[in-house]
1. Are any residues in segment 46-57 in a strand (DSSP E or B), surrounded by 13 or more Cβ atoms within 10 Å (Cβ to Cβ) and touching a residue at least 24 places away in the same chain (Cβ under 8 Å), and if so, which ones?
2. All but one of (1) touching a strand residue (DSSP E or B) at 6+ places or on another chain (Cβ under 7 Å); (2) without any contact (Cβ under 8 Å) to a residue 40 or more places away in the chain; (3) closer than 30 Å to residue 73 by Cβ hold for residue 144; which doesn't?
3. Which one is surrounded by the fewest Cβ atoms within 10 Å (Cβ to Cβ) among residues in segment 134-162 that are within 25 Å of the chain's Cα centre (by Cα) and at positive phi?
4. I'm trying to understand the selection: among the residues of segment 69-96, which are within 13 Å of residue 30 (Cα to Cα) and in contact (Cβ under 8 Å) with a residue 24 or more places away in the chain?
5. Applying the selection to segment 163-177, what residues are surrounded by 14 or more Cβ atoms within 10 Å (Cβ to Cβ), touching a residue at least 24 places away in the same chain (Cβ under 8 Å) and more than 15 Å from the chain's Cα centre (by Cα)?
6. Being part of a loop (DSSP other than H, G, I, E, B), in contact with a strand residue (DSSP E or B) (Cβ under 6 Å, 6 or more places away or on another chain) and either surrounded by fewer than 14 Cβ atoms within 10 Å (Cβ to Cβ) or on the phi < 0 side of the Ramachandran plot (or both) is true for just one of 105, 99. Which residue is that?
């Protein structure tokens, strides 16, 4: 008695053998890069094809050294120079960091674990400095130079905030009272 092999079994064996021989190839993905004015670096703006698990080095700097570069990969912040592992199609945006707009600030007093919050709106004609107001009615001036952010209240004690622009976090002081702060975009 002869045995017949089912056609679907033959197809499965053929597909498995082809897959083992890399017949279908390594997946290929696109990296879409946008480099905005005021930023220089590599890779340049364009659409690039990479295979899965390729390592892509990137590095961006501001044309004006007083500015700060912000790199976003698929909308999330990354370092201005790093290596990207390709495992799907991705977008990379390199632009100047512009703090202008509304931010939700959370600050802590050094001896306390309870956080306090306010919303601050930075405005100005340049990304290097200007004025601000908060939702409590207070005002002051700010500057964002060389990767550092400073904002000082003009009508609220001696409150001074300083920190890293790219992290939007740092320390604050009001005379002898100190603490830490961080902020996330509110708009």
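1. Of everything in segment 46-57, those that are in a strand (DSSP E or B), surrounded by 13 or more Cβ atoms within 10 Å (Cβ to Cβ) and touching a residue at least 24 places away in the same chain (Cβ under 8 Å) turn out to be 50, 56.
2. (2)
3. For segment 134-162, the residue satisfying everything is 146.
4. Of everything in segment 69-96, those that are within 13 Å of residue 30 (Cα to Cα) and in contact (Cβ under 8 Å) with a residue 24 or more places away in the chain turn out to be 84, 85, 86, 87, 88, 89, 90, 91, 92.
5. Hit for segment 163-177 is 172, nothing else.
6. Testing whether each residue is part of a loop (DSSP other than H, G, I, E, B), in contact with a strand residue (DSSP E or B) (Cβ under 6 Å, 6 or more places away or on another chain) and either surrounded by fewer than 14 Cβ atoms within 10 Å (Cβ to Cβ) or on the phi < 0 side of the Ramachandran plot (or both) leaves just 99.
Residue-by-condition table, conditions (1) crowded, with 18+ Cβ neighbours inside 10 Å; (2) modelled with pLDDT of 95 or more; (3) farther than 23 Å from residue 129 by Cβ; (4) not assigned by TED's automatic domain parsing to the domain that holds residue 148:
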| site | (1), (2), (3), (4) |
| --- | --- |
| 37 | no, yes, no, yes |
| 44 | no, yes, yes, yes |
| 59 | no, yes, yes, yes |
| 66 | no, yes, no, yes |
| 77 | no, no, no, yes |
| 81 | no, yes, yes, yes |
| 92 | yes, yes, yes, yes |
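The values are calculated or read from the model by the stated rules, or taken from the named source; none is laboratory data. Please read all numbers here as calculations on a predicted model, not as lab measurements. Cβ atoms come from the backbone with ideal geometry, glycine included; neighbour counts cover every protein chain shown.
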